[in-house]
Amino acid sequence: QAHNLKVGGSNPSPATKKVVVIREFIPNNNKNILKNLLFFFFSIYPIAFLLGNFAINLFLIIFNLILITSFFRKDNTLDNFSKHIIFLLMFLLISFFINLIFSNNMVLTYPRVLKFILIVGSILSFRYLICCFKNDDINKLYKIWSLIFLIVIIDIIFELIFKFNILGFSSFMPGRIASFSGDELNIGHFFSGFCLIFISFIFLNYKNTSIQLIIALFLIALSFLIGERSNFIKSLLIILSFVFLVYEMQTKYKIFSIITLISFIVLILNLNPGYKLRYIDQFTKILANESISYYFENSVYGAHYNVAFEIFKDNKIFGVGIKNFRTESYSKKYNNLDHKFNDRRANTHPHQIHFEFLSETGLFGYFTFAIFIFSSLYLCLKNYLKKKNLYQLSGMLFVIINLLPLLPSGSFFSTYTSGLFWLNYAVMVGYLDKSD
């Protein structure tokens, strides 16, 4: 082994040290080129989310090509799949094909259905990866993901200080951080998608409980400073859930830490006009005035939800078809809906996953997806209670929190949003029925 190399008992040379560092990121199973290629592309997959939709789609194609090639080379690929995963994914895929048949505009729907085939392949590819490599090697993959996430953290802090990121990107909205996402302003979604993987890696590899808690609270604070309200709430909930479920310390210390965090947030809200605008003037005051119903009736999001529900009522069984909200919401028959912002009701998606499923897939698609998710979570929870795999727990928490009602969300069927969701789902189900 490279890390044991010494000459005459002397200190390792610089070249040897470089070899040692490189070996920290290379799996020991280096005899099968396809498996190592799969490991490599999954290890840098988080970068695709920083580059954009084209990169994400390209990686999905690569995962599928490697999986198919491995299958035809008779590498016992099928032996590594869990029958539960295959059944659940095929169940959902069939429901999407049924939705395609009843879609108002099949031209809009079929690309997303075909795309889901690639997603299924990527989930099975990750499962194949988990089974082909030992836990020490998979830990190297999570180490690379954590390093990429750490670079993003540094970039966010850099932008908070200098008002532009390492590449020169800056936000066009007060109280928002652009980081590597540029004008897309979705770095908060990336942050929520990988923060628990990072926390799990820290927890498993650095045993100082105080440092673990400080890092978790720091990430919550940083998510707040990014300025994406919905993603901040999601990051807050998944990190706090992880802390209370996993961290072994007295409850009073956890509560004290949360009070300290709240005090920090209140201080920032009072000192920074941009964050005050984002978190109070545009949001909190509306809720404080008349409750959530008032928010629905007096916001553009409420207009999206309202027309989505009307579309659902007109198409209760199968909806209007995946990705058809973008055209149906413009329909003249919804011009006279009773909503303050009805003239701004139309959009590419309703900005809430439950309204998106109801309007675009109807009761059939909504309950099919519910059965799929609850079955997946049930199986994974049973597995987690036996194995206590923290990465699996991380995936479960992300999936659960991102399916909460009321919170605004990106389109579930968009490349970016679905990519993060299904990657965490892959981590969640990847350990089902795993022998070790």
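Give segment 410-428 a look and list any residue that's hydrophobic (A, V, I, L, M, F, W, C) and either more than 15 Å from Leu129 (Cβ to Cβ) or touching a strand residue (DSSP E or B) at 6+ places or on another chain (Cβ under 6 Å) (or both), or say none.
Selection gives Phe412, Phe413, Leu420, Phe421.
Somewhere in segment 216-226, is a residue touching a Phe, Trp or Tyr at 6+ places or on another chain (Cβ under 7 Å), of a type in the set (Phe, Trp, Tyr) and in a helix (DSSP H, G or I)?
yes
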Can you tell me which residue among Gly182, Gly193 is within 26 Å of Ile268 (Cβ to Cβ), in a helix (DSSP H, G or I) and modelled with pLDDT of 95 or more? Gly193
With respect to Arg127, is the statement that it is under 30 Å from Gly319 (Cα atoms) and either of a type outside the set (Ser, Thr, Tyr) or more than 17 Å from the chain's Cα centre (by Cα) (or both) true? no
By residue number, the members of segment 313-323 that are crowded, with 22+ Cβ neighbours inside 10 Å and not aliphatic (A, V, I, L, M) are Gly319, Gly321, Lys323
Apart from one, (1) within 18 Å of Ala426 (Cα to Cα); (2) touching a residue at least 40 places away in the same chain (Cβ under 8 Å) all hold for Phe41; the odd one out is (2)
Please verify whether segment 157-174 includes one or more residues that are within 30 Å of Gln392 (Cα to Cα), at pLDDT 95 or above, in contact with a helix residue (DSSP H, G or I) (Cβ under 8 Å, 6 or more places away or on another chain) and surrounded by fewer than 19 Cβ atoms within 10 Å (Cβ to Cβ). yes
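Listed here are the residues, each with its yes/no results for (1) small (Gly, Ala, Ser); (2) in contact with a helix residue (DSSP H, G or I) (Cβ under 7 Å, 6 or more places away or on another chain).
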| site | (1), (2) |
| --- | --- |
| Phe296 | no, yes |
| Ala308 | yes, yes |
| Lys313 | no, no |
| Ile401 | no, yes |
Per-region count, segment 345-381, residues under 15 Å from Leu93 (Cα atoms), aromatic (Phe, Trp, Tyr) and under 19 Å from the mean Cα position of the chain (by Cα): 3
I want to confirm something. Restricting to segment 21-65 and keeping residues that are open to solvent by 50 Å² or more (accessible area, probe 1.4 Å), part of a helix (DSSP H, G or I) and more than 30 Å from Asn186 (Cα to Cα), which single residue is modelled with the lowest pLDDT? Val21
Expected single match for touching a helix residue (DSSP H, G or I) at 6+ places or on another chain (Cβ under 9 Å), open to solvent by less than 30 Å² (accessible area, probe 1.4 Å), over 23 Å from Asn231 (Cα atoms) and modelled with pLDDT of 95 or more among Phe116, Phe133, Phe149 is Phe116
Of those in segment 227-251 that are part of a helix (DSSP H, G or I) and farther than 20 Å from Val266 by Cα, the residue modelled with the lowest pLDDT is Thr251
Within the group Leu358, Leu420, Leu377, which residue is touching a Gly at 6+ places or on another chain (Cβ under 6 Å) and either assigned to a helix (DSSP H, G or I) or of a type outside the set (A, V, I, L, M, F, W, C) (or both)? Leu420
Scanning segment 329-350 for residues that are in a loop (DSSP other than H, G, I, E, B) and of a type in the set (Ser, Thr, Tyr), which turns out surrounded by the most Cβ atoms within 10 Å (Cβ to Cβ)? Ser329
Considering residues that are aromatic (Phe, Trp, Tyr), open to solvent by 50 Å² or more (accessible area, probe 1.4 Å) and farther than 21 Å from Asn99 by Cα, the number found within segment 351-406 is 1
Does Leu261 satisfy the criteria of being open to solvent by 20 Å² or more (accessible area, probe 1.4 Å) and assigned to a helix (DSSP H, G or I)? no
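The values are calculated or read from the model by the stated rules, or taken from the named source; none is laboratory data. Everything numeric here is computed off the predicted structure, so don't read it as measured data. Note that we place each Cβ from the backbone using ideal geometry, even for glycine, and neighbour counts take in every protein chain shown. Heavy atoms of the whole protein, side chains included, go into the accessibility calculation; ligands, DNA and RNA do not. Shrake-Rupley method; radii C 1.70, N 1.55, O 1.52, S 1.80 Å.
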